[in-house]
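Trainee: Below is the structure I would like to discuss, written out as structure tokens.
Just so it is clear, none of the values below were taken in a lab; they were calculated from the coordinates. Treat the numbers as computed from the prediction; the structure is a model and nothing was measured. Quick reminder, even Gly has a Cβ in these numbers, built from the backbone with ideal geometry, and neighbours come from all protein chains shown.
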Amino acid sequence: MNLHAAKQIGEEGVGGVAVHTENLTCTFGAICAVDHVTLRVPSGTIFGLLGPTGAGKTTTIRLLLGLLEPTAGSAMVLGYDIHTQGDRIRQHTGALLAYSGLYDRLTALENLDFFGRIWHMSAGDRRSRAKELLNSLGLWEQRDQLVGGWDRGQRRKLSLARAIFHQPALVFIDEPSDRLSPAESEAIWTDLDNLAARESMTVFLATRDLAEAEALCSAVAIMRQGRILEVGSLAELRARTAAPQLEIVGRGFTDQVIALVSRRPEVASARRIDNRLVLQLAGDYDTAPLVSLLVEASADVEEVHKHQPALYAAFTTLTQEAPEEESP
């Protein structure tokens, strides 16, 4: 097997788009797990499908892998149709879902060699690829250990190596840091980011972890109850869903000054905290006129800090009243 075949499929003939869905829908009886989802995922990016438990993220991945038949809509993955070419999609992609895919009674090398055989890789390619990935993930010294005795963080790293062993152009990953410690999570994020960049690999990442999305994703789609609520870069989502805050350090922030600045249309609220005036803005406005107004009103302005809202604010705003249980 040509190890670069999958990558070439992802780069050619699809216009730089790894995943394209149009009104993709999947129902289970009365439950609409995926509700008219339309997405475009550019090749070579780490794209996050971000949502709480029960949003429909896992079902979306199963649809894109051709493991579930959609009720309505369409999707192309690496140029292949999910309705008719599911086998080709799975041939040219990798997946790290709930099941690790590891065999406890095999060593790390034996696990990777086993999956390399499934992908019809030559013995030489299997050996070199295993050494390359195990070194990259800091697992080479443990290569001859049975993985049944490994901790959760090591197993997750080996599962990642297994998912990308055949050098796919696109890999689907579902909750990579689930049940990991903070240190283990940061390690897997670093490894995934480095591997994606080094191999020019597109990553479709489903997560409910905000820190994970911020650490890895260049763009995200926020999903709730099967629907896509917002799509864009993290900066765009912050700007659209939560206005920035202006913190002004100084003196002379009297009640009259606060009343004056509160009447400005770009100010949603104003409050004084010790020697600071905190203005909640109504949008991403130019703040220079507000500072000038304060100076003209005899306030002594020493420092000005504009804080962009955290992704947490955007996520909470969009996903409030989300269901508690995972969609099918």
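Trainee: Helix 152-163: angle to the longest alpha-carbon principal axis of the chain, degrees 0 to 90, nearest 10?
Mentor: Taking the Cα atoms of the chain, the angle to 152-163 is about 70 degrees.
Trainee: Related question: Given springs between every Cα pair under 10 Å in a Gaussian network model of the chain, which of G250, G44, G101 has the largest fluctuation?
Mentor: Looking only at G250, G44, G101, the largest GNM fluctuation is found for G250.
Trainee: Another question, then. If I histogram all Cα-Cα distances within the chain using bins 10 Å wide from 0, what percent of pairs lands in each bin?
Mentor: The calculated distribution, bin by bin, is 6, 23, 26, 20, 13, 9, 4, 1.
Trainee: Using a 7 Å offset from the Cα along the Cα-to-Cβ direction at both R251 and T53, what is the distance between the two label points in nm, to one decimal?
Mentor: 5.4
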